[in-house]
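One structure, pasted below without further comment.
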Amino acid sequence: MAVKPILKMGNPILNGRAAQIDDPTTEEIRDLILDMQDSMKAAGGVGLAAPQIGVSLQLVIFDVPAERLQSEGEAVTSGIEPTILINPVLELEEDKTDLGWEGCLSVPGLRGLVPRATRLVYSGLDPNGDTIRREAEGFHARVVQHECDHLDGILYPQRMTDLRYLVYEEEMDAFMAAFDDLPVKR
């Protein structure tokens, strides 16, 4: 379809709660999914929420290749299958959390340490209206939480517990070298 511009932090659409999708099988939703896939690919992201391209609907997509999971320290041979998730619901194992570095297409040029549940179950609908229910852990769980936060008007800096760990990407090497006591390495 078309590559859409990614909205940046400060745009009011990113601050609101997205509306539920009544019928995931409409042509409008199919076109939105294609636009999101094109936009995510063009931006080099692993996930995207509809509000990030200016559409305040409960729809996220993600596609994480094995190489990205391996770069996050996970011993895997395959990536996360491309997923289209409509009206998602998350069941978090909040007693098991971890800090991890996150970036966002709507907060370009920055990385931050964000606490997230390490395991969860997510459910929702696929574009055919069929139910999806999957377990996720590690980086997969982090991506799902990050993208679903967009549907509630939350950007990752709002989840951070210590803004000293909000760093411009171009300063990451110097930042990492300067601190021996970082809670998480890159």
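The values are calculated or read from the model by the stated rules, or taken from the named source; none is laboratory data. This one's a predicted model, so the numbers in the text were calculated from it and none came from an experiment. Cβ placement follows ideal geometry from the backbone for every residue including glycine, while neighbour counts extend to all protein chains displayed. Note: accessible area is taken over every heavy atom of the protein model, side chains too, but ligands, DNA and RNA are not part of it. Shrake-Rupley method; radii C 1.70, N 1.55, O 1.52, S 1.80 Å.
Only Cα pairs under 8 Å and at least 6 apart count here; give the relative contact order of the chain as a rounded whole percent.
Relative contact order here is 23 percent.
Around LEU14, what is the net charge, scoring Lys/Arg as +1 and Asp/Glu as -1 over all other residues with Cβ under 13 Å from its Cβ? List each step's numbers first, then the result.
Working: positive: LYS8, ARG17; negative: GLU147, ASP149, ASP152.
Local charge sum for LEU14: -1.
Could you size up the charge dipole of the chain around its Cα centre, putting +1 on the beta carbon of Lys and Arg and -1 on that of Asp and Glu, and report it in debye to the nearest 20? Spell out each step's value before the answer.
Values: 17 positive and 32 negative charges, 63 e Å.
Charge dipole of the chain: 300 debye, to the nearest 20.
What ranking do 41-51, 169-179, 150-160 get when scored by the average of other Cβ atoms within 10 Å per residue, highest first?
Those peptides, ordered most packed to least, come out 41-51, 150-160, 169-179.
Leaving out ligands, DNA and RNA, and with a 1.4 Å probe, what % of the accessible surface on the chain is carbon or sulfur?
Result for the chain: 48 percent of the exposed heavy-atom area is carbon or sulfur.
In the set (i) 16.2, 53; (ii) 17.9, 81; (iii) 16.8, 50, which value of Rg and Dmax of the Cα atoms in Å was calculated from the structure you see?
The value computed from this structure is option (i).
Something else now. Per residue, what accessible area does the chain have, given a 1.4 Å probe and all protein chains present, in Å²?
52
Calculate for the chain the 222 nm mean residue ellipticity that helices alone would give, adding -39,500 (n - 2.57) per DSSP H run of length 4 or more and normalising by residue count, nearest 500 deg cm²/dmol.
Using -39500 (n - 2.57) per qualifying helix, the result is -7000 deg cm²/dmol.
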